[in-house]
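Novice: Starting off with a structure, shown below.
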Amino acid sequence: MFWIFIFGVLYIPNFVCAFTGDKCYGKIKEYTYQEGDVTIGAFFPLHSYYTHDHVSHEIELYYFQDMYLKYNFMNYQFLLALVFTIEEINRNPHLLPNTTLGFEHHNIKFSEKNILLGPFLWLAGLSNQLVNYNCGQKRNLPAALTGTSWAISAHIGTLLQLYKIPQLTFAYFDSNMNDQSQFKTLYQVAPEDTYLSLALVSLMLHFSWSWVGLIVPNDPRGTQILSEFRDVMESNRICLAFVKMIPGTWNSYSDAIWKNMEKIQESSANVIVICGDIVSLQGLMRHIAQLLVTWKVWVLNSQWDIDYYSDYFMIESFHGSLIFSHHHEEMVEFVNFVQTVNPYTYPEDAYLPKFWVIFFNCSFSEFDCQLLENCQPNASLDLLPRHIFDPTMSEESYNIYNAVHALAHSLHEMTVQQIQTQPYANGDGMAFLPWQIWISVCSVQKVTMQTQRRTTASRNL
């Protein structure tokens with residue numbers, strides 16, 4: 001009886017999936033916004049659609065009848081980090097005192113044909129698909145924030161650089177995106193993974209692991225990781241049992257994933273290193289979590305949203321994995337902010353009501369899908385199990401925090417310079433060209449990163 005009770009408590013993710021048939025649960029806007037004098041564009045995935053049996057739709061091309069909606073709880077922290085940072089800046093009387101920041105977030109679907117839809121709508125100022133003109137009021141669009149993969153940022157960058165709009169990416173650093181001839185207005189907020197391969201090898205030497213497997217995405221970044229990793233391993237007499245380069249187009253149900261997983265499971269290597277971004281290897285990660293692969297030690301370079309796919313988080317494939325991440329400042333204020341977030345304090349947030357229905361015994365009104373006030377008292381995201389939602393600011397969220405602050409300080413400096421050079425301007429507000437903002441953001445962000453490195457070094461001393 002005791003074990004039945006334990007498994008019942010841990011069996012949360014399947015409880016989540018049971019709501020996919022609810023009409024209110026399945027209705028979600030593809031964008032979220034907060035009004036402001038200056039509107040930051042934000043483009044990253046918060047929910048996605050998938051199919052089990054690929055039953056073709058009778059009318060719509062490229063759609064299926066058995067479509068299911070999945071919310072990404074881990075990524076939702078990125079939206080909270082954006083809201084938290086903007087509110088912090090807007091409260092500061094010494095930073096952009098006469099200007100308020102706002103944002104417009106568009107969900108990015110995991111298909112290349114839909115990636116540019118959100119940026120088009122943001123540029124046009126529309127919430128529909130008419131992108132040839134801007135029928136709304138004139139808006140200040142200072143920069144775009146993109147993630148969570150290199151592929152998403154690269155695709156969006158091809159559009160934004162046509163308008164010379166600065167693009168700040170918060171995903172893991174990719175040296176291939178430093179090519180200014182290809183990505184003219186893109187800046188990576190994340191620190192470089194200069195010593196990642198050395199850190200991984202040091203871990204293996206510490207535990208005397210000399211026979212390991214390696215999984216990387218089949219893209220330029222994966223090729224670079226493989227080259228760096230192999231060089232360091234050979235110099236330390238560590239051997240690769242296998243190397244798997246996984247295309248980002250594979251999903252968890254593809255035949256290729258099954259065939260590769262058979263080889264991984266049958267391999268004599270008990271230590272497997274997985275290096276990649278959250279999106280490019282999501283199909284493989286989901287598949288491993290569903291298979292319950294045991295007797296393997298997983299070494300990861302990022303906090304994957306893998307527990308969502310597992311039935312019992314204490315006995316799933318990746319429980320106890322070793323994860324490498326960059327050191328960053330602890331944000332206690334953010335944790336306090338998360339504790340205050342709920343559907344009633346942020347009624348414009350389309351995601352919070354879904355979470356409250358799933359986890360806090362709330363229900364929707366059948367008439368208008370509004371959240372009824374019959375929820376668990378004192379409900380908070382902070383009460384959720386950490387494998388579903390962690391209120392501690394993640395590395396990517398910290399990159400978002402730094403990116404928005406760099407942008408705000410850049411706009412502030414440019415405003416001060418404009419007032420000093422044009423003291424008798426007509427007061428129409430900000431009038432900056434995108435390339436001016438781009439240069440200013442790069443300068444401010446470099447100073448910020450140098451300050452952080454000095455602070456971290458002094459703490460380590």
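Novice: May I ask you to list the residues of segment 199-216 whose amide nitrogen lies under 11 Å from a point 7 Å from Cα along the Cα→beta-carbon direction of V297?
Specialist: Once the point is set 7 Å along Cα→Cβ of V297, 203-212 turn out to lie under 11 Å by backbone N, inside segment 199-216.
Novice: Another one. Taking 0.36 nm per intervening residue step and subtracting the Cα-Cα distance, what contour gain separates E329 from Q376 on full extension?
Specialist: Extra length available between E329 and Q376 comes to 13.6 nm.
Novice: Just to verify a number: FRET efficiency for Y50 and I419, C-beta to C-beta distance, R0 = 56 Å, to 0.05?
Specialist: Given R0 = 56 Å and the Cβ-Cβ separation, E is 0.60.
Novice: Tell me which residues come under 5 Å, amide H to amide H, from G276 once H is placed; ignore anything under 5 positions away on its chain.
Specialist: N301
Novice: While we're here: Ignoring ligands, DNA and RNA, how do S397, S175 rank by accessible area with a 1.4 Å probe, largest first?
Specialist: Putting S397, S175 in descending order of accessible area: S175, S397.
Novice: What ranking do 217-229, 400-412 get when scored by the average of other Cβ atoms within 10 Å per residue, highest first?
Specialist: Result, highest mean first: 400-412, 217-229.
Novice: Pop out the ³J(HN,Hα) list for segment 144-151 in order, Karplus 6.51 cos²θ - 1.76 cosθ + 1.60 with θ = phi - 60°, rounded to Hz; leave Gly and Pro as x.
Specialist: Ordered by residue, 3J(HN,Hα) equals 10, 10, 10, x, 9, 10, 5, 5 Hz.
Novice: I would also like to ask the following. Measure up K109/K184; K109/K263; K70/K263; K244/K296 against 23 Å on the Cα-Cα distance and list the ones that go over.
Specialist: Distance filter (> 23 Å) returns K109/K184; K109/K263; K70/K263.
The values are calculated or read from the model by the stated rules, or taken from the named source; none is laboratory data. Keep in mind that this is a model prediction, so the values were computed, not measured. Glycine also receives a Cβ, built like all others from the backbone with ideal geometry; neighbour counts cover every protein chain displayed. Only protein heavy atoms, including side chains, enter the accessible area calculation; ligands, DNA and RNA are left aside. Shrake-Rupley method; radii C 1.70, N 1.55, O 1.52, S 1.80 Å.
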